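The values are calculated or read from the model by the stated rules, or taken from the named source; none is laboratory data. Everything numeric here is computed off the predicted structure, so don't read it as measured data. Backbone-built Cβ (ideal geometry, glycine too); neighbour counts: all protein chains shown.
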Amino acid sequence: MNVNVAALKAAPANEPDYADQILGPSTASRRAFREAMLQAVELVADGTATAGSLYSGTSVQGLRGLLDNIDPLPDVGTGIAAALADIGRPALEHALAVGHPAAVAHLHCPVAVPALAAEVLISATNQSLDSWDQSPFATLVEERVLAELTKLAGLPALASGSFTSGGSQSNMTALYLAAARFGAQARRSGAILTSEQSHFSIRKSAAILGFADDAVIAIATDAEGRMSVSALEAGLRRAVGEGRVPVAVVATAGTTDLGAIDPLDEIGNLAAARDIWMHVDAAYGGGLLFSRHRGRLAGLERAHSIALDFHKMLFQPISCGALLLADQAHFAPLASKADYLNPEDAAFGDAPNLVERSMQTTRRADALKVLMTMRAIGRDGLDALICQTLENTRAAAEAIGARDYLRLARPPSLSTVLFRYVSASGPDLADEITLKTRAVLFHAGIAALATTVFDGRIHFKLTLINPRSTPDVVHRVLDAIGETARELETHHARA
Ligand SMILES: Cc1ncc(COP(=O)(O)O)c(C=O)c1O
């Protein structure tokens with residue numbers, strides 16, 4: 001066969017060489033990469049796209065309109081500069097500014113600069129963690145970071161883990177592994193005991209994994225929102241009495257609303273005495289491991305599995321979580337072999353293929369950004385940042401307590417604080433005003449607040465995981481809540 005090599009190599013005259021848009025060893029593609037990255041970085045770094053605002057206030061309809069005006073797939077591409085102007089700029093202009101001090105709605109953190117630098121490397125190298133030959137260094141980075149994390153969590157030497165897309169995936173994987181000990185019996189009659197305040201991903205995972213509808217048993221909590229150990233004991237006794245198999249006890253270290261940390265040590269005693277898998281959902285509170293407050297997680301080391309999220313308290317770009325296992329042998333149910341990927345007859349000796357620890361196949365090298373963050377900011381820096389958020393939250397609770405139009409639900413445990421607007425016209429109107437106030441302040445770009453239901457009533461929730469959400473910012477937000485709520489109430493009275 002005659003192959004015209006020259007024709008294959010040369011782009012036809014007057015046609016752009018599209019291959020330069022694919023990052024590779026060629027000078028042209030590296031130049032294209034540099035130019036694109038510098039322009040994107042400059043767009044973010046110069047700050048003019050957002051002009052320091054929390055949110056542009058544009059309605060859903062307005063955003064759809066903007067996008068409808070853009071041809072997403074033109075015949076002839078616009079080039080990077082125009083694409084950044086048409087798409088990149090509005091993507092910044094109409095983003096929720098997660099680094100804004102008044103973005104205090106959700107467990108949705110501002111991002112650490114070293115992690116953003118790592119994201120460039122993660123994306124540009126595009127390593128995939130499924131097999132070692134697709135990620136030689138990155139696979140070992142993940143192992144190294146997991147070794148550090150299991151040490152921080154106080155797990156035994158046999159412990160290891162796997163990076164995940166976040167708490168939901170970590171929780172589901174843990175429940176899958178716990179259930180695997182019982183085969184089909186788990187789905188028929190398995191019980192998962194967890195507090196009534198635990199994250200909804202526990203219930204959702206049980207449903208996805210094929211557990212029966214009543215498999216998740218909600219255990220009562222105390223006044224601070226922590227799982228009651230006596231109620232857990234009673235729940236376990238009842239479940240066993242009904243012939244159910246206790247597949248797992250799921251404790252929470254940092255509930256989503258109250259930040260409550262279940263009594264891990266006592267729960268560990270109970271689980272150990274009955275040989276039940278103890279999973280700790282530390283997606284939120286696990287951040288304390290990086291601070292002087294790690295002692296508040298005493299008992300974490302009793303767990304069979306732990307969910308950690310770094311895109312909550314550790315300032316990591318989404319997505320970034322990990323599942324830790326006290327005994328890495330418990331990953332066995334995920335260790336299926338594929339001829340093309342991790343065959344029985346390994347081509348690379350004992351090189352680890354991390355697909356054997358994950359529900360995913362292709363998987364990002366997210367451990368690199370955690371490693372870069374830990375190394376660049378260090379123990380003291382992370383401790384200072386986390387302590388600042390806890391201190392801000394304590395001060396916020398005080399500020400709420402000092403306002404007669406607000407009522408604090410509970411003293412904060414971590415970095416969330418729940419409080420209620422008090423209306424002279426009663427609780428139903430207070431609920432309505434709370435929801436409306438949230439929307440008004442969001443659209444005005446004044447504050448992104450959350451609301452949640454607590455004790456049957458709608459409460460405001462501040463999530464203060466940005467160290468810059470200092471007391472002065474919180475005072476302004478609380479004043480804005482008061483002014484807006486009173487205005488809405490007056491309007492309601494007149495209507
Ligand atoms: C306690 C807890 N567990 C799990 C999750 C789910 O984590 P992710 O959103 O990373 O899936 C959350 C989310 O807020 C959470 O608060």
Report task. Return the pairs, sorted by first residue and then second, in which the second residue is of a type in the set (A, V, I, L, M) and assigned to a strand (DSSP E or B), the first residue lies in segment 435-458 and is under 26 Å from Thr58 (Cβ atoms) and free of Cβ contacts under 8 Å to residues at least 60 places away in the same chain, the beta carbons are less than 7 Å apart, and the residues are 6+ apart or on different chains. Result -> Leu435/Ile458; Thr451/Ile458
Report task. Determine whether segment 339-357 contains at least one residue that is touching a Gly at 6+ places or on another chain (Cβ under 9 Å) and within 14 Å of the ligand (Cβ to nearest atom). Result -> no
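Being in the same structural domain as Gln316 (by TED's automatic domain parsing), within 16 Å of the ligand (Cβ to nearest atom), outside any strand (DSSP E or B) and farther than 18 Å from Leu323 by Cα narrows it down to one of Gln169, Gln197, so name that one. Steps first, please.
Working: Gln169 fails: farther than 18 Å from Leu323 by Cα.
Of Gln169, Gln197, the one residue that is in the same structural domain as Gln316 (by TED's automatic domain parsing), within 16 Å of the ligand (Cβ to nearest atom), outside any strand (DSSP E or B) and farther than 18 Å from Leu323 by Cα is Gln197.
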**Report entry** Pairs, first more than 16 Å from Gly167 (Cβ to Cβ) in segment 317-331, second of a type in the set (Lys, Arg), C-beta under 8 Å, six or more apart
**Finding:** Gln328/Arg357; Phe331/Arg357
Query raised in the report: If you go through segment 337-372 one residue at a time, how many are crowded, with 22+ Cβ neighbours inside 10 Å and part of a loop (DSSP other than H, G, I, E, B)?
Result: 5
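If you check Arg89 against the conditions, is it more than 30 Å from Leu449 (Cβ to Cβ), modelled with pLDDT of 95 or more and not aliphatic (A, V, I, L, M)? Write out each step before concluding.
Numbers: more than 30 Å from Leu449 (Cβ to Cβ): no; modelled with pLDDT of 95 or more: yes; not aliphatic (A, V, I, L, M): yes.
Considered against the rule, which asks whether it is more than 30 Å from Leu449 (Cβ to Cβ), modelled with pLDDT of 95 or more and not aliphatic (A, V, I, L, M), Arg89 comes out as no.
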Query raised in the report: Does Asp265 count as over 25 Å from Val453 (Cα atoms), surrounded by fewer than 17 Cβ atoms within 10 Å (Cβ to Cβ) and assigned by TED's automatic domain parsing to the domain that holds Leu323?
Result: yes
Query raised in the report: Just wondering, is there one or more residues in segment 158-171 that are crowded, with 18+ Cβ neighbours inside 10 Å, more than 24 Å from Val247 (Cβ to Cβ) and modelled with pLDDT of 95 or more?
Result: yes
Query raised in the report: Hey, does segment 103-110 have a residue that's more than 30 Å from Val474 (Cα to Cα), in contact with a helix residue (DSSP H, G or I) (Cβ under 8 Å, 6 or more places away or on another chain) and touching a residue at least 12 places away in the same chain (Cβ under 8 Å)?
Result: no
**Report entry** So Thr389, is it modelled with pLDDT of 95 or more, β-branched (Val, Ile, Thr), crowded, with 20+ Cβ neighbours inside 10 Å and farther than 20 Å from Ser319 by Cα
**Finding:** yes
Report summary line: Residue count, segment 283-336, condition within 11 Å of the ligand (Cβ to nearest atom) and of a type in the set (D, E, K, R), comes to 2
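Mind telling me which of the residues Ala186, Ala191, Ala95 ends up being modelled with pLDDT under 95 and more than 16 Å from the ligand (Cβ to nearest atom)?
Values: Ala191 fails: modelled with pLDDT under 95; Ala95 fails: modelled with pLDDT under 95.
On inspection, the qualifying residue turns out to be Ala186.
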Query raised in the report: Taking Val280, is it assigned by TED's automatic domain parsing to the domain that holds His330, away from the ligand (no atom under 16 Å from the Cβ) and surrounded by 24 or more Cβ atoms within 10 Å (Cβ to Cβ)?
Result: no
Report task. Could you pull out the residue among Ala51, Ala97 that is in a loop (DSSP other than H, G, I, E, B) and on the phi > 0 side of the Ramachandran plot? Result -> Ala51
Query raised in the report: Any residue in segment 251-274 that is among the polar types (S, T, N, Q), within 16 Å of the ligand (Cβ to nearest atom) and free of Cβ contacts under 8 Å to residues at least 60 places away in the same chain?
Result: yes
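Residues that are crowded, with 21+ Cβ neighbours inside 10 Å and in a loop (DSSP other than H, G, I, E, B): does segment 418-426 have at least one?
Step one: of segment 418-426, the residues crowded, with 21+ Cβ neighbours inside 10 Å are 418-421.
With the extra rule that they be in a loop (DSSP other than H, G, I, E, B), the set shrinks to none.
No, segment 418-426 contains no residue that is crowded, with 21+ Cβ neighbours inside 10 Å and in a loop (DSSP other than H, G, I, E, B).
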Query - Residues (farther than 17 Å from His475 by Cβ, in contact (Cβ under 8 Å) with a residue 24 or more places away in the chain and of a type in the set (Val, Ile, Thr)) located in segment 390-425 - result: Thr416
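Among the listed residues Leu435, Leu462, which satisfies the condition of being more than 27 Å from Ser291 (Cα to Cα) and within 26 Å of the chain's Cα centre (by Cα)? Outline the logic, then answer.
Details: Leu462 fails: more than 27 Å from Ser291 (Cα to Cα).
After applying the criteria, what remains is Leu435.
Pick from Thr361, Thr373: which is out of contact with any Pro (no Cβ under 7 Å at 6 or more places or on another chain) and among the polar types (S, T, N, Q)? Show your work before the answer.
Numbers: Thr373 fails: out of contact with any Pro (no Cβ under 7 Å at 6 or more places or on another chain).
Answer to the check: Thr361.
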Report task. Among the candidates Ser205, Ser230, single out the residue that is part of a helix (DSSP H, G or I), among the hydroxyl-bearing types (Ser, Thr, Tyr) and within 14 Å of the ligand (Cβ to nearest atom). Result -> Ser205
Report task. Would you mind finding the one in Arg403, Arg468 that is more than 26 Å from the chain's Cα centre (by Cα), assigned to a loop (DSSP other than H, G, I, E, B) and within 29 Å of Gly285 (Cα to Cα)? Result -> Arg403
